[in-house]
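Below is one structure; the comments refer to it alone.
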Amino acid sequence: MHKKWFKPIRVNSQAKVHLVCFPFAGSGASIFFPWEKFLHSDFNIYAFQAPGREDRIGEDLIDNLELLVQKGSTELLKLVDKPTILFGHSLGAVIAFEITKLIERQGVEPKCLIVSGRQPPHLSLKMPPISELSDQDLVKGLLDLEGTDREIVKHPELLEIILPIIRADFKIGEKYLLPIKDQINCPIIAIGANNDPWVNVDELSQWQKFTRQECQLKIISGGHFYVKNDFQEIVQLLNQLKN
């Protein structure tokens, strides 16, 4: 079952570290497929695949964060038999942080949590809320965010599949706001892009409030969707963490 929730992109028994990646809203595990070519062979690579997308398209979507995290953490605990790094971008950072909290309560502490392109939980999103918009306005909102291929909006049959996924994910992200009370035990690396209109450096540095250990801040080149469009810098950073 854990292979449904955490799609193995590359698994080698000789690898030293599990890298578990969590995608941004509306996307699935496949956005991390291109990373395999550039990540060091010391990494096993898994990507979170929530129900209702890509190879799980026939399953019901989950728009409740608590339920999604409970199911995800249960499955993740089945594969963390090596030192593990969790990486999440945007909404994926939220899910990765919440799963880290749960697995640490079960006695499993990740080597590191990397939160990318997302302000810490006590700060509200700068992105305009779009989950409750009409289909037409939702499509316009997605195009304004510049994370959706403009060719997709020309195909109604694809939109019929994609828009419910977008609504479910953004519903989670738009409602997520926590007081500063929950800290994790593992260190955090907070990554942002220098041209991201939604997250700034001062906000990223406040992830320090959510760990009992060190929080490092890294700023790389690109816009909000650099994990898809320009991921070379982040792969270089990950390669430095393999030991």
*asked:* Of the residues Glu109, Glu132, Glu66, only one is open to solvent by 70 Å² or more (accessible area, probe 1.4 Å) and more than 19 Å from the chain's Cα centre (by Cα); which?
replied: Glu132
*Does region 187-202 include one or more residues that are touching an Asp or Glu at 6+ places or on another chain (Cβ under 6 Å) and at pLDDT 90 or above?*
yes
*Identify all residues within region 83-141 that are of a type in the set (Asp, Glu), without any contact (Cβ under 8 Å) to a residue 60 or more places away in the chain and under 20 Å from Ser73 (Cα atoms); write none if there are none.*
Glu98
_Tally up the residues in region 16-37 that are more than 21 Å from Val115 (Cβ to Cβ) and of a type in the set (Phe, Trp, Tyr), please._
1
*Would you be able to tell me the number of residues in region 220-231 that are closer than 19 Å to Gly92 by Cα, touching a residue at least 12 places away in the same chain (Cβ under 8 Å) and open to solvent by 40 Å² or more (accessible area, probe 1.4 Å)?*
1
*Pick out the one residue from Phe24, Phe6, Phe43 that is buried (at least 19 other Cβ atoms within 10 Å of the Cβ), touching a helix residue (DSSP H, G or I) at 6+ places or on another chain (Cβ under 9 Å), of a type outside the set (Ser, Thr, Tyr) and within 15 Å of Val94 (Cα to Cα).*
Phe24
*Would you be able to tell me the number of residues in region 69-96 that are open to solvent by less than 30 Å² (accessible area, probe 1.4 Å), hydroxyl-bearing (Ser, Thr, Tyr) and more than 12 Å from the chain's Cα centre (by Cα)?*
2
*For region 154-175, enumerate the residues that are open to solvent by less than 20 Å² (accessible area, probe 1.4 Å) and of a type outside the set (Val, Ile, Thr).*
Leu163, Ala168, Asp169, Gly173
_Considering only residues that are open to solvent by 40 Å² or more (accessible area, probe 1.4 Å) and either free of Cβ contacts under 8 Å to residues at least 12 places away in the same chain or among the polar types (S, T, N, Q) (or both), which ones fall in region 196-219?_
Asn200, Asp202, Ser205, Gln206, Gln208, Gln213, Gln216
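The values are calculated or read from the model by the stated rules, or taken from the named source; none is laboratory data. Remember, predicted model here, so these are calculated numbers, not experimental data. No Cβ is skipped: glycine too gets one built from the backbone with ideal geometry, and neighbour counts run over all protein chains shown. Side chains included, ligands, DNA and RNA excluded: accessible areas come from the protein's heavy atoms. Shrake-Rupley method; radii C 1.70, N 1.55, O 1.52, S 1.80 Å.
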